[in-house]
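Notes follow the structure.
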Amino acid sequence: VTLSNMSSIGSPLPRAPEHGDCVYLDYQATTPVWPEVAAAMTPYLTHHWGNPSSGHAFGRPCGAAIGQARAAVAELIGAEPSEICFTGCGSESDNFAIVGALEMEEARRRGAGGAALPRPHVVASNIEHPAVELCIEALCAAGRLQATYVPVG
């Protein structure tokens, strides 16, 4: 596959000949990278690979790039940069969302004097991704959550 015949973001990506007429439907596992995205990432995969949270010379360019990306995403969706959180994978995102929602509910209950209320209750399907299921199970085991799983169909 060559980059010369690629068009802009929003148009179909070129396909490898060995894919034939197959349609890829597992976009929760991985997705193709647009050529423009790969080009923007290349300097940070080859030259600027430091820890972006560090203040040393290796990390500063990476931290600046993440800050610029965070600002661009925020502007795109009408958010504040401080509201944008990049995660490393879907499992981390699932856990972040579940634990974050639980912590907000716990804080709301504390502020309302809800010490006598039962634990928060979540309803999930019986076909959740293991990352969701394991997170919910861990929170239940820690006594922070009650869960009910409902069948799909």
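So what J values fall out for segment 19-26 if you push phi through Karplus, 6.51 cos²θ - 1.76 cosθ + 1.60 with θ = phi - 60°, rounded to Hz, Gly and Pro as x?
7, x, 9, 4, 10, 7, 10, 9
Taking 41 Å as R0, compute the FRET efficiency from the Cβ-Cβ separation of Ser82 and Ile127 and round it to 0.05.
My answer for the efficiency is 0.75.
At q = 0.10, 0.16 Å⁻¹, what log₁₀ I(q)/I(0) does the chain have when each alpha carbon counts as one equal point scatterer in the Debye sum?
Taking Cα atoms of the chain as identical point scatterers yields -0.62, -1.14.
Multiply the residue gap between Val73 and Glu103 by 0.36 nm, knock off their C-alpha separation, and tell me the result in nm, one decimal place.
Working it through step by step, the gained length comes to 8.3 nm.
Per residue, how much accessible surface does the chain expose to a 1.4 Å probe? Answer in Å², no decimals.
For the chain, the solvent-accessible area averages 73 Å² per residue.
Could you please put Tyr27, Tyr149 in sequence from largest to smallest accessible area, using a 1.4 Å probe?
Tyr27, Tyr149
Kirkwood hydrodynamic radius, segment 82-153, all distinct C-alpha pairs: what's the number in Å?
This gives a value of 13.4 Å.
Give me the dipole magnitude in Debye, nearest 20, for segment 36-153 about the Cα centre, with unit charges on the beta carbon: positive for Lys and Arg, negative for Asp and Glu.
Magnitude of the dipole: close to 360 debye.
Check which residues have an amide H placed less than 5 Å from Val122's amide H, if you skip close sequence neighbours.
Amide H neighbours of Val122: Gln146, Ala147, Thr148.
Could you compute the FRET efficiency for Phe58 and Val33, with r as their C-beta to C-beta distance and R0 at 25 Å, rounded to 0.05?
0.55
Short version: ³J(HN,Hα) in whole Hz for each residue of segment 73-78, in order, from phi by Karplus 6.51 cos²θ - 1.76 cosθ + 1.60 (θ = phi - 60°), x for Gly and Pro, what are they?
5, 4, 5, 4, 10, x
The values are calculated or read from the model by the stated rules, or taken from the named source; none is laboratory data. Every value quoted in this text rests on a predicted model; they were computed, and no experiment measured them. Neighbour counts run over all protein chains shown; Cβ positions are idealised from the backbone, glycine included. Just the protein is used for accessible areas: all its heavy atoms, side chains included, with ligands, DNA and RNA removed. Shrake-Rupley method; radii C 1.70, N 1.55, O 1.52, S 1.80 Å.
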